[in-house]
Structures are given as structure tokens and as C-alpha cells.
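Participant: Sharing a structure with you now.
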Amino acid sequence: MKAFPAYFVLLVHLFFSGHSFAKDKVVVQSLNQPEIFAELKGALDYFNELATLSDEKWFGRDKRNANKDLDGAIDEVIALLNSPQIDKHRENFRALEQKINEEELEIAKLQEKRLFAPLGESTFVTKNVPFRLMKEFTANTKGDYDILIELRKNNIQSYRESMSEILLDMQKLLYVMGIELDAEQIEVWLTSVIGDSVISMSVVFSSIKQITEQLQAITEKSGENLDTAKTYYGMVVILHKLMLKMQNSFIVAIDTDYLPKLAAFKKEADAVISESRKLMQSGGHSETLKANIQSNRTTIEAIDLYTAILKNQRAKVYKTLKISQREYEVANNTYKTVSLSSQVAQLIKQGQNTFQTLLSLQIPDAKPFQNEEMKAQFKKLNQRLGQP
């Protein structure tokens, strides 16, 4: 019996379950399965080659060369399993964020110019000065700058509305893939340094489930052709290895980069608070120093929230990593000893169940931002974390 793609089954379920998303037109691009299978076959060839090579050679090909090629092939598969639509939404979301930052910087400049402008209503004559840049060039009075500032604020509002639409579209796409996140959760991940990895892992693992369904179907059709069936099962082994690579990379990045940076930021904020208190005791400007202390306390709260989010998701990934490691070892051992093609389809089905379990365990979650101030601090931390 032909296995339908996972996203088709989910769409049918949504239609009959009456979920609100089923009322909307949600178009999910299907995976390029021929290309994915070709890349998996190439990766499997490198994987099989490892058993025939020495660990290290001065001349000629060794395991280091094969492992390097295997990693490259796995990266290609990861790219193919990702969703171009999700990637495009992420790019557009960040582009809008950048536009908002630019508008806010321009507003700050305009407000500064307004301070030194003479009182008076706007001198603009719309039909004579139709464009914003010309308005800014000819601005003179406080009324002129009020109009320019309002224009910039309207742009920001428009960008934020577009961002909300992107979040809703992403929510629908992820839901159809079996990943349930609300718009606020998605926004948290989009403004986090690990957000791309978190969402990519969820999307890729969902795609893996779809691919294993197809592998099971074509294995059943292959009849008693042992070599063909074993190749298909070998592709499942590569998919296990792919999951391990993504999970390990994620944990290493958190442990060696992001958590240490956050700890350093917190230490820095604590030092500023301590210095501010000493300056107050020595007669420094009390109100200014109190404001500095409060600002750094807010920063520390944002750091603690960020740290909790990273640690929580790390714990989820670490838990699934242990399962993935065990299942990979079992799958690899089984791959070496597969003797009956009739067994292979069932083995692939077991792998499919494992992938579904791992996906459900690793679905990201995050508390939404407590307030706009925390949201702003979170974004500032994200920018600092992204700096080399």
C-alpha cells in the first residue's frame, strides 16, 4: 500500500478535525525526494567506505577523508530536509527587525534636531514637498519634525504588522509539519541565537519522518531484493547519524559559547551595580545612579530568562541525544547484520516510530516575553551573543 506523505495526512486530519488552520490555505512545499535519496545514497557510500580504510595514512585516502566527505554529504541532506518557506519567513522577519532598528535610530536623530528647532507649525506644503527625504532636507520648525517623527513611527507600526503576519504564517506551516508553537513562542526563538537551530531541528526531524515513510513503502515494493532493501535501511542509519550531528552541534554551541557569554554579561552587570552603589555612598548623583542600577537589574533578569531558555532547550536536546545515540548504535549494528529483505521494511518502520518519538520530545517551548522592556533587553543580549 502506498504511504502518503506526512504533511498530506496532517492536512486531511486538520480538515476533518475542524482546526482553525484548516480553514486557511496552507501550502507546504513537498520535499525533493529524488535529490534527498541521491544525497543519502552518496552519504551511505562514504559511510560504507569507512570500514575499508585505515585510520590515518601519509598518502592516499584514509578515514579522515571519508569522514570529511560524509559530513559534507550529511550537511547537504540537512539543507534539503529544511523548509525553504520557513527559511524565507525567518529572513523576512529579520529584515523587518533591521528596518525597525533603522527607523528608531532615525527617530532619535530627528528628536535631537527637534530640540534645537524653532517653535511653529509645519512649514511643509504637501504638493511641493512630496517625498520624505525632501521633507527631512527642508525641515525647519518643531512642527516639521513632529510630522517626520510620526511618519517614521507609522513605518514601524507597518513593519510590526508585517512581522505579526509572518509569525502567523510560520505557526500554520509548523503546525502542518506536526510542530505546535504559538506566535509568541516562535518570536522568542526568532530573537534567540539558537532559534535557527531549534526550528531547523524540528523541521528537519519532521521531514525525516516523512522520508522514512517513503523508504518503508519502496522497501516493501522491492520484494526479495536484499541489496536494495539493505541500501534503504542504510539510508535510515544515515538519518540517525544526521540527527546526532545536529543535536551534538547544538549542545556544544550552548555549552562552549552562549552560556559562558551570558555568565560574563551577568558578571559585568553585577560589577556595574556594585560600582554604582559605591559611587552613591561617596556622594555621586543619586537619581542617575539609581537608574543605572535598575537598568542593570533588568539586564540581569533578561540574562536569567535567556539562560533558562537555553538550559531548558539544551536539556530537551540532551535527553533526545541519548536516545538518538542508542538508536543509532542499534540501527548501525542491525544494518551490518540484515539478512532478510522481508525484515527490512519492519525495521525501517521501527526507525520511523523512533524519529516520531524524538520529534515529540524535542519540540521547542519557551515562555513568552513578560513585557516590552524584557523583550528589548532580550534582543540586545541576542545582538551581543551574536558578536564574535
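The values are calculated or read from the model by the stated rules, or taken from the named source; none is laboratory data. Given the structure is predicted, the values throughout are model-derived calculations rather than measurements. As a convention, Cβ positions derive from the backbone with ideal geometry for all residues, glycine included, and neighbour counts pool all protein chains shown. To get the accessible areas, we keep the full protein, side chains included, count just its heavy atoms, and leave off ligands, DNA and RNA. Shrake-Rupley method; radii C 1.70, N 1.55, O 1.52, S 1.80 Å.
Participant: Looking at the range 158-166, is at least one residue part of a helix (DSSP H, G or I), touching a residue at least 40 places away in the same chain (Cβ under 8 Å) and touching a His at 6+ places or on another chain (Cβ under 9 Å)?
Facilitator: Checked the range 158-166: at least one residue is part of a helix (DSSP H, G or I), touching a residue at least 40 places away in the same chain (Cβ under 8 Å) and touching a His at 6+ places or on another chain (Cβ under 9 Å).
Participant: Here's a follow-up. Go through the range 187-201 and give me each residue that's closer than 20 Å to Asn32 by Cβ and surrounded by fewer than 22 Cβ atoms within 10 Å (Cβ to Cβ).
Facilitator: Scanning the range 187-201 gives a single hit, Ser200.
Participant: Which count do you get for residues in the range 104-132 that are open to solvent by 100 Å² or more (accessible area, probe 1.4 Å), in a loop (DSSP other than H, G, I, E, B) and modelled with pLDDT of 65 or more?
Facilitator: 3
Participant: Answer with yes or no whether Ser342 is modelled with pLDDT under 70 and open to solvent by 70 Å² or more (accessible area, probe 1.4 Å).
Facilitator: yes
Participant: Can you pull out the residues in the range 209-223 that are in contact with a helix residue (DSSP H, G or I) (Cβ under 8 Å, 6 or more places away or on another chain) and of a type outside the set (D, E, K, R)?
Facilitator: Gln210, Ile211, Thr212, Gln214, Leu215, Gln216, Ile218, Thr219, Ser222, Gly223
Participant: While we're here: Is there a residue in the range 165-173 that is within 30 Å of Lys113 (Cα to Cα), modelled with pLDDT of 90 or more and among the β-branched types (Val, Ile, Thr)?
Facilitator: No, because not a single residue in the range 165-173 is within 30 Å of Lys113 (Cα to Cα), modelled with pLDDT of 90 or more and among the β-branched types (Val, Ile, Thr).
Participant: Working carefully through the options Asp255, Asp270, find the one that is open to solvent by 70 Å² or more (accessible area, probe 1.4 Å) and either assigned to a helix (DSSP H, G or I) or of a type in the set (D, E, K, R) (or both).
Facilitator: Numbers: Asp255 fails: open to solvent by 70 Å² or more (accessible area, probe 1.4 Å).
Going through Asp255, Asp270 in turn, the sole match is Asp270.
Participant: Going through Lys135, Lys142 one at a time, which residue ends up being at pLDDT below 85, crowded, with 17+ Cβ neighbours inside 10 Å and touching a Lys or Arg at 6+ places or on another chain (Cβ under 6 Å)?
Facilitator: Of the residues listed, the single one that is at pLDDT below 85, crowded, with 17+ Cβ neighbours inside 10 Å and touching a Lys or Arg at 6+ places or on another chain (Cβ under 6 Å) is Lys142.
Participant: Moving on. Just to be sure I understand the filter: pairs with C-beta atoms under 8 Å, separated by 6 or more residues or on different chains, first member in the range 262-291 and within 30 Å of Ile194 (Cα to Cα), second member of a type in the set (Phe, Trp, Tyr) and modelled with pLDDT under 90. Which pairs pass?
Facilitator: Matching pairs, first to second residue: Leu262/Tyr306.
Participant: Let me ask something else about it. Please list, ordered by first then second residue, the pairs with beta carbon atoms under 8 Å, 6 or more apart or interchain, first in the range 73-99 and within 17 Å of Ser192 (Cβ to Cβ), second acidic (Asp, Glu) and assigned to a helix (DSSP H, G or I).
Facilitator: His89/Asp169; Arg90/Asp196
Participant: Can you name every residue in the range 301-319 that is crowded, with 16+ Cβ neighbours inside 10 Å and either among the hydrophobic types (A, V, I, L, M, F, W, C) or in contact with a strand residue (DSSP E or B) (Cβ under 9 Å, 6 or more places away or on another chain) (or both)?
Facilitator: Those that are crowded, with 16+ Cβ neighbours inside 10 Å and either among the hydrophobic types (A, V, I, L, M, F, W, C) or in contact with a strand residue (DSSP E or B) (Cβ under 9 Å, 6 or more places away or on another chain) (or both): Ala302, Ile303, Leu305, Ile309, Leu310, Val317.
Participant: Something else: Quickly run through the range 173-186 and pick out the residues that are in contact (Cβ under 8 Å) with a residue 40 or more places away in the chain, open to solvent by less than 30 Å² (accessible area, probe 1.4 Å) and either within 18 Å of Ala95 (Cα to Cα) or part of a helix (DSSP H, G or I) (or both).
Facilitator: Once the filter is applied, which keeps residues that are in contact (Cβ under 8 Å) with a residue 40 or more places away in the chain, open to solvent by less than 30 Å² (accessible area, probe 1.4 Å) and either within 18 Å of Ala95 (Cα to Cα) or part of a helix (DSSP H, G or I) (or both), the range 173-186 yields Leu173, Leu174, Val176.
Participant: So, Ala73, is that one in a helix (DSSP H, G or I), surrounded by fewer than 15 Cβ atoms within 10 Å (Cβ to Cβ) and either of a type in the set (A, V, I, L, M) or out of contact with any helix residue (DSSP H, G or I) (no Cβ under 9 Å at 6 or more places or on another chain) (or both) or not?
Facilitator: no
Participant: Is at least one residue of the range 240-250 assigned to a helix (DSSP H, G or I), more than 22 Å from Gln313 (Cα to Cα) and open to solvent by less than 60 Å² (accessible area, probe 1.4 Å)?
Facilitator: no
Participant: Quick check: anything in the range 220-232 on the phi > 0 side of the Ramachandran plot and in contact (Cβ under 8 Å) with a residue 12 or more places away in the chain?
Facilitator: yes
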